[in-house]
């Protein structure tokens with residue numbers, strides 16, 4: 001830990017605008033400030049298009065801010081070279097919505113891919129790690145299948161296992177339970193809780209799923225109109241009188257009521273959209 005950068009991840013007055021010219025400009029992040037301490041899980045919520053996924057891409061160094069400072073793994077990452085960012089990305093990894101798996105590789109081979117550059121493991125060690133990770137995320141039955149054979153939820157579980165193979169300190173989740181049936185959503189939520197409690201992983205979860213937020217988050221960032229409208233605990237979020245937050249929470253109640261009446265999703269390994 002650095003005395004200058006005590007938080008594991010921190011945004012300091014971060015601004016990001018897309019487009020050129022006044023008519024095309026879209027201010028996605030405006031004076032954004034929040035932090036994540038080591039071992040914490042922070043959920044980022046808000047309506048579509050408010051900058052949630054953009055925030056994750058800034059943390060990974062895929063995007064650079066127009067102004068402000070971004071601290072990752074107790075380091076200021078602005079100005080770091082690609083090689084230096086690769087060092088940061090060995091500590092902080094991201095699980096994309098798509099899973100970003102290799103379609104030509106089996107589940108086990110996808111996980112093994114993350115270990116291929118590890119010189120401290122021999123072939124037997126690597127196989128043992130793959131087997132252990134398959135069991136940890138409860139997808140042993142899918143080890144010889146290909147990503148195209150799997151449901152969205154299973155692909156995300158595979159992506160989490162592949163991320164864990166790199167032994168990161170922090171995982172960023174981009175909408176991990178979106179378009180996932182309720183059973184697999186619960187499975188992924190329990191998996192994330194296990195990684196938090198057993199491995200003490202730091203994590204940021206971008207989500208619309210307030211059930212997931214309530215179960216895993218220590219702190220919440222609510223983005224609205226490009227700004228951090230709220231940064232605090234889950235109980236304080238529910239006590240907030242901010243009209244955008246009240247509307248967001250009330251809308252979630254309505255949506256969850258509709259879904260619980262008749263869910264359009266199917267369970268199972270294969271065939272899920």
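The values are calculated or read from the model by the stated rules, or taken from the named source; none is laboratory data. The model shown is predicted, which means the values in this text are computed figures rather than measured ones. All Cβ positions, even for glycine, are placed from backbone atoms using ideal geometry, and neighbour counts span all protein chains on display.
Some observations on this one:
- The residue that is farthest from the chain's Cα centre (by Cα), counting only those in region 210-251 that are assigned to a loop (DSSP other than H, G, I, E, B), more than 20 Å from residue 170 (Cβ to Cβ) and touching a residue at least 24 places away in the same chain (Cβ under 8 Å), is 225.
- Scanning region 40-57 for residues that are touching a helix residue (DSSP H, G or I) at 6+ places or on another chain (Cβ under 8 Å) and at positive phi gives a single hit, 46.
- Residue check, residue 177 within 12 Å of the chain's Cα centre (by Cα), surrounded by 16 or more Cβ atoms within 10 Å (Cβ to Cβ) and free of Cβ contacts under 8 Å to residues at least 40 places away in the same chain: yes
- Check on residue 112, surrounded by fewer than 20 Cβ atoms within 10 Å (Cβ to Cβ), in a helix (DSSP H, G or I) and in contact with a helix residue (DSSP H, G or I) (Cβ under 9 Å, 6 or more places away or on another chain): yes
- Selection count where residues are part of a strand (DSSP E or B) and surrounded by fewer than 22 Cβ atoms within 10 Å (Cβ to Cβ), scope region 8-27: 8
- The residues in region 69-106 that are at pLDDT 95 or above, more than 29 Å from residue 130 (Cβ to Cβ) and in a loop (DSSP other than H, G, I, E, B) can be counted, and the count is 2.
- Test: residue in region 106-119 that is farther than 20 Å from residue 168 by Cα and not assigned by TED's automatic domain parsing to the domain that holds residue 33: yes
- Selection within region 83-102 - without any contact (Cβ under 8 Å) to a residue 60 or more places away in the chain and at negative phi: 83, 84, 85, 86, 87, 88, 89, 98, 102
- Scanning region 115-137 for residues that are surrounded by 15 or more Cβ atoms within 10 Å (Cβ to Cβ) and at pLDDT 85 or above gives 129, 130, 133, 134, 136, 137.
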